[in-house]
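Participant: The structure that follows is given in the form of structure tokens.
The values are calculated or read from the model by the stated rules, or taken from the named source; none is laboratory data. Worth saying up front: this structure is predicted, and the values here are computed from it rather than measured. So basically every Cβ, Gly included, is an ideal-geometry build from the backbone, and we count neighbours across all protein chains shown.
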Amino acid sequence: MARVREVDIENERVVHRRGGFGWGMLAAVVLITAAIIAFAYYGGSFERVGADADRATSNIEQQVDDAAGATGDALENAGDRADRALN
């Protein structure tokens, strides 16, 4: 036959930790991101990136205009050929 012992358990207090690895990691990422952005801003990187983006945009606009012109010319030539074929 098994014996059952009485165990006197005192009030155990559950300790709740505040914060932790997740919140600390999030705070570290935010601080590092802010530091990188501040460094890039004060170092002038954003100005160079902006100038490069403007240059790329103007190149793309020129290429789109050239392509649109070529497409228009091709459609006009195709229309002329279709007129000649029908007449």
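Participant: Which condition from (1) modelled with pLDDT of 90 or more; (2) small (Gly, Ala, Ser); (3) not in a helix (DSSP H, G or I) is the one that Gly19 breaks?
Facilitator: All conditions are met except number (1).
Participant: Only one residue in Asp54, Asp80 is surrounded by 10 or more Cβ atoms within 10 Å (Cβ to Cβ), on the phi < 0 side of the Ramachandran plot, under 23 Å from the mean Cα position of the chain (by Cα) and at pLDDT 85 or above. Which one?
Facilitator: Result: Asp54 is the single residue among Asp54, Asp80 that is surrounded by 10 or more Cβ atoms within 10 Å (Cβ to Cβ), on the phi < 0 side of the Ramachandran plot, under 23 Å from the mean Cα position of the chain (by Cα) and at pLDDT 85 or above.
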